[in-house]
Structure formats: structure tokens, C-alpha cells
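Asker: Before I ask anything, here is the structure I am working with.
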């Protein structure tokens, strides 16, 4: 009987995996494959943090497949060429994969489908990463949503899907040996110290995903609405990288939440899952948004690109402790607390008037969960230029944000040790500390820690003036 190729991409799990389940149920040999694509046309190639996680996730996927009697084939090259070669060797007449939703992926998958079908190979794609497809939700007028609340009401009015069950039949491994690289041969791990702290922070495996999900549901979700905004607390799920790489699916999360759905914390967390759905909805229907603002009038915004300011922000040297602590957390762990993602994005775009695309690209390169849909939606929200965007006059005050959500300075002290000896009252604005206090804390501003690169009220007023220059009133 002919065999079926299952092409893994960002769906690196065997549970709730419709492409794999359908291939097994079909009968015949199953050939799982991962292809390190050589395609210079891809504008969103994985950054160093992505690649670190991918290395270990692929090793783990091979371990997941082993009890099914399957071995992951690893190839490098143009996907269509590699799929054709393996199909010919395996006598495969079907290729299955999980859908992508960004414009580049959609276009590439369409071309691969056409090429394989010309060769007589049937292609099927499946939804493994969303509760509902982006085209399944529309307004009463039949248009895609640009505002979250009506979108979420549409989704919640539906019966949320259950995870895909495993077929009862065992997988049939391919009879022939297929040429395969080792995961190590892909050379995914970055050189140097860029990711040296990642292993202390993360378990990039399916087992790590399940452990984290179970722990979150058992210990945290009921109080999620109270703890999620405080970066010094372990009050968030930290499931985002597992969702990004498909080691965990949203259907599985919804199922795990079933007994907590009616709690305030459970409802709040479910909204976060729906925000992710909304991000994919917007990305699919407005494919230009990773590069251009959803709101056309924002194209005339008077940015003031300045590499010195941008680099100070990247390096966590802005002089605002909550900003700098967040940026240093990003560099060290490949992750940033969600409240702080909003604060640092607002600071870059509004206080510093740097293009939001610069911040989005930096996040993409440094986040282990740098999901294109979520990253784009978040940055355009912070900049006031996207779907359901924050009002242009909402400019986070980095001092009060620190004082409110890191009252004792625990988070700042963790990531900015040079400020650790400052009293709580000065930890978020060290420039206001008397000289005697700074001396006792062994801090010389401008040397040990920078002065603010822009004064808050000056940055805020400059941002409001810039927004006022837009050709149309900037209300969303």
C-alpha cells in the first residue's frame, strides 16, 4: 500500500495532531519529515532564540515518534524538492501538513501543492494551531473583524472544539530507510553566550509543555486575573513558546481549562487564548500588517529614526529601570512578561518616536515565542496603528508602571543588579535619589547606570504632537 508523508513545521507534537492522526488512520506506511528550508525569499526566517528552541523541539519530536515505531526524517533544501525526493523513494501518494497563515507561507504552500499534484500526489492540509480558521469568523456584514470584543463574542458563541483523538491503529513505519540528517547537522544552536541562560529557564519539549500546563491549571489559573500583571511573580502561563512551536495546541489548553472555565481567572486566561486567535484572524485577512500599519493614515506618521536611541532601548540602557529590566530579561531568557511588552513597546514608539517595525523585528529576533501574528498585533496595538489599537493618547508612564506593578522593585533588582541597593522609593526613578543615597548604593548616574534618555513629560508631549500631525483625527 502506498505511504503518506507527514510534513512537520510548527506543529511539533503527536497529540492533537490531525495530519499525523489522519495519516495513521489511512493505513499504509507513515513517513514523518522535517525540512530545514533553504529559501532566501522568506522575510521571517527564524532568529537565534527561535533556532535554539527548534533544535531541542526536533530532538523531542523524534522521541515522541519512537513509541509509534516512526523515525523523524530531517532534510535541508527546497521543501518541494525534498518532498518529491522522499515521496519517490517511499512510493508516497499523499502528503499531509498543518496550515500556515502568513502570506509567505500560504503562497509557498500553494506552489508546493500545485507541484506535488502535478506529480500525482494528493495533498491535504489541516488546522493544528487554532480553535477556528480565520475565515470561519466574520461580522454580520461578512467582513473580517478589526476589534477584539465582537470577535471574541463570535468565538465564544460557538462550541469550542475538542482535541483530535489518536487513532486506535498503530502507525506503520516506512519499509525503506530514507536519507536523513541529524538534528545537530542543521546547526541551529547559536554560537557564543546569547542563549546560555535559556536552559535554566525552559524545558523545550512536549513534556515541558504538559508539565507547565498542568501546573498552571492546578496552581495559578484561578488567580490569573490578579497575578498576571506583576512581572516578579510567576503569575502567567508561560505557554507561549509551546503554542508557537505547536508542542501544545489551543484545543488542548481549552480542554485542560474545562473545570476552570467559570472562574474569573479561567475566563481571563481564555480571553488571552482568544487574543491569539484574533491575531491570526488579522494576519490572515490583512497580510500586509507585519510590515505596514493596518490603519492607512498611519503611513504619514513623522517618525524620527535615531540609531542611538534604538540601541539604548535594545541594550536596556534607557535610564528607566522597568524598561531596562524588561529588555535585559528578553536578552537573557528569550521571553518577556506580557505587561512589560506593552510598556517597552509604548516607550519605543511614543517616547522615542522610533518606527514600530524596528521593535517588532527586534522582538522577532530575540523571543523564543516570536510568533508573527501575535508580535504584529501587539506592536500595532502599542503604536495605536492596528486592530483594536490602544488610543494614541495612551502613553504608558514607565515610572508609574514600575511603581504599580513592581512596587518593591523585586523585578528591577533581579535584572539590574547595579540598582539593587537603592531604597524602594527610588528604585524606579534613581535620578531623584539624593546624592548621599546614590553614594551609599555605590551608584554614579551616567557611569554605573544611565540618566533617562528622554524625560517622560517631554517624550509624552512630543508623541502627542507627532500624532496631531496626522492628516486625519487619530481615533480608532
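Asker: Kindly express, to the nearest 10 degrees and within the range 0 to 90, the angle between helix 103-118's C-alpha long axis and the longest C-alpha principal axis of the chain.
Answerer: Helix 103-118 and the main axis of the chain meet at about 10 degrees.
Asker: Still on this structure, please answer the following. Helix-only mean residue ellipticity at 222 nm, the chain, DSSP H runs n ≥ 4 weighted -39,500 (n - 2.57), per residue, nearest 500. What is it?
Answerer: Numbers: 20 runs with 207 residues, N = 476.
Value at 222 nm, helices only: -13000 deg cm²/dmol.
Asker: Here's a follow-up. Taking neighbour Cβ counts within 10 Å as the exposure measure, how do 103, 152 sort from fewest upward? Spell out each step's value before the answer.
Answerer: Values: 103 16, 152 19.
By the 10 Å Cβ count, ascending: 103, 152.
Asker: Rounded, prolate or oblate: which one fits the range 3-147, using the alpha carbon gyration tensor with axes a ≥ b ≥ c (rounded when a/c is under 1.5, else prolate when a/b beats b/c, else oblate)? Kindly include the intermediate steps, with their values, before the conclusion.
Answerer: Working: a/c = 1.44, a/b = 1.34, b/c = 1.08.
Rounded, because the longest to shortest axis ratio a/c is under 1.5.
Asker: Moving on to the next point. If you average 1/r across every pair of different Cα atoms in the range 1-79 and take the reciprocal, what Kirkwood value do you get, in Å?
Answerer: Working: mean 1/r = 0.0736 Å⁻¹.
Evaluated over the range 1-79, this radius sits at 13.6 Å.
Asker: With a Förster radius of 22 Å, plug the Cβ-Cβ distance of residue 39 and residue 182 into 1/(1 + (r/R0)^6) and report the FRET value to the nearest 0.05.
Answerer: 0.55
Asker: Also, I was wondering about something else. When N is the residue count of the range 95-224, what does its C-alpha Rg come to as a fraction of 2.2 N^0.38 Å? Before the final figure, lay out each step's value.
Answerer: Numbers: Rg = 20.7 Å, N = 130, 2.2 N^0.38 = 14.0 Å.
Here the answer is 1.48, to two decimals.
Asker: For the Cα atoms of the chain, what angle does the longest principal axis make with the long axis of helix 321-333, in degrees from 0 to 90, nearest 10?
Answerer: On a 0 to 90 degree scale, this one is about 30.
Asker: Mind jotting down the three principal axis lengths of the range 259-407 based on Cα atoms? Whole angstrom, largest first.
Answerer: Sorted largest first, the three principal extents are 50, 39, 29 Å.
Asker: Same structure again: Semi-axes of the equivalent ellipsoid for the range 70-136, please: Cα gyration tensor eigenvalues, times 5, square-rooted, ordered largest first, whole Å.
Answerer: Values: eigenvalues 100, 38, 30 Å².
Those come to 22, 14, 12 Å.
Asker: If we count other beta carbons within 10 Å of each Cβ, what is the order of 106, 322, fewest first?
Answerer: Details: 106 14, 322 31.
Fewest-to-most ranking of 106, 322: 106, 322.
Asker: Compute the acute angle (0 to 90°) between the alpha-carbon long axis of helix 264-285 and the principal axis of greatest extent of the alpha-carbon atoms of the chain; round to the nearest 10°.
Answerer: With rounding to tens, the tilt is 70 degrees.
Asker: Tell me, what is the Rg over Rh of the range 334-463, with Rh the Kirkwood radius over Cα pairs? Display every interim value, and only then the final one.
Answerer: Details: Rg = 15.9 Å, Rh = 15.9 Å.
Here Rg/Rh amounts to 1.00.
Asker: Which semi-axis lengths, in whole Å and largest first, follow from the square roots of five times the eigenvalues of the Cα gyration tensor of the chain? It would help to have the intermediate numbers written out before the result.
Answerer: Working: eigenvalues 351, 120, 97 Å².
Working from the Cα gyration tensor, I get semi-axes of 42, 25, 22 Å.
Asker: Which whole-number percent gives the relative contact order of the range 96-167, counting Cα pairs below 8 Å spaced six or more residues apart? Before the final figure, lay out each step's value.
Answerer: Values: 37 pairs, mean separation 18.5, N = 72.
Worked out over the range 96-167, it gives 26 percent.
Asker: Could you grab the relative contact order for the range 3-128? Cα pairs under 8 Å, six or more apart, rounded to a whole percent. It would help to have the intermediate numbers written out before the result.
Answerer: Details: 171 pairs, mean separation 44.1, N = 126.
The normalised contact order for the range 3-128 reaches 35 percent.
Asker: Given N residues in the range 201-325, what is Rg(Cα) / (2.2 N^0.38 Å)? Please list the in-between numbers first.
Answerer: Values: Rg = 18.4 Å, N = 125, 2.2 N^0.38 = 13.8 Å.
This ratio for the range 201-325 stands at 1.33.
Asker: Counting other beta carbons within 10 Å of each Cβ, put 385, 159, 137 in order, fewest first. Don't skip to the end; give the middle numbers.
Answerer: Values: 385 26, 159 5, 137 21.
Sorted ascending by nearby Cβ count, the order is 159, 137, 385.
Asker: Using Cα pairs closer than 8 Å and at least 6 residues apart in sequence, work out the relative contact order for the chain, in percent. Kindly include the intermediate steps, with their values, before the conclusion.
Answerer: Details: 762 pairs, mean separation 80.3, N = 476.
After rounding, I find 17 percent.
Computed from the coordinates by the stated procedures, all read-outs in this text should not be read as laboratory data. The shown structure was predicted, so the numbers you read here are calculated from the model rather than taken from an experiment. Neighbour counts are summed over all protein chains in view; Cβ atoms, including those assigned to glycine, are modelled from backbone coordinates with ideal geometry.
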